[in-house]
Amino acid sequence: MVVHSSAHDKRRQKRLERELAASLKAIKAMEKAHLKKQFFCRADPEAAAIEAMAQETAYHQLKLSVIEIPRYARGRPNKNTSRTPLP
């Protein structure tokens, strides 16, 4: 939580905005790196999420969850059937 005081002049306000932007940029970079990784059992992404939550930024706190994204066979599915995930 950032509280802005009327005592801050524009220079200090801009500095805070730059620091907030830098913190958000660092989080976006971490997100991009973690989205590229593929995991094959549920324990691995949970451990990676705990490790990522332990990393601190200046103004942000992370709360992560693990979701499963199903993998499907290549190509178009049959017309009257639903897509079934690969085992």
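Every number in this text was worked out from the coordinates using simple rules, so none of it is lab data. Keep in mind that what you see is a predicted model, and the values were worked out from it rather than measured. All Cβ positions, even for glycine, are placed from backbone atoms using ideal geometry, and neighbour counts span all protein chains on display.
Note down the relative contact order for region 1-65 as a percent, whole number, built from C-alpha pairs under 8 angstrom at least six residues apart.
40 percent
What dipole magnitude, in Debye to the nearest 20, does the chain give about its Cα centre under +1 on Lys/Arg Cβ and -1 on Asp/Glu Cβ?
600 debye
Using alpha carbon coordinates only, what is the Rg to Rh ratio of region 8-87, with Rh defined as the Kirkwood radius? Intermediate results must be reported in sequence, preceding the final value.
Details: Rg = 19.6 Å, Rh = 16.1 Å.
A ratio of 1.22.
Taking the C-alpha atoms only, the angle from helix 10-36 to the longest principal axis of the chain is near 20 degrees. Springs between Cα atoms under 10 Å define the GNM used for the chain, and in it the highest mean-square fluctuation of L20, L62, L35 occurs at L35.
If you filter region 25-85 for GluC sites (Glu not before Pro), then keep DSSP loop positions with at most 14 other Cβ within 10 Å, what is left?
Of the GluC sites (Glu not before Pro), the ones in loops of region 25-85 whose Cβ has at most 14 other Cβ atoms within 10 Å are E56, E68.
Each part gets one Cα centre, and for region 60-75 versus region 24-42 those centres are 10 Å apart.
Compared with the direct C-alpha span, the chain from M1 to I69 gains 21.2 nm at full extension, assuming 0.36 nm per residue.
From its DSSP helices (H runs of at least four residues, each -39,500 (n - 2.57)), the chain gives a residue-normalised ellipticity at 222 nm of -15500 deg cm²/dmol. Across region 17-35, the residues whose backbone nitrogen lies under 19 Å from the label position 7 Å along the beta-carbon direction of Q55 are 19-35.
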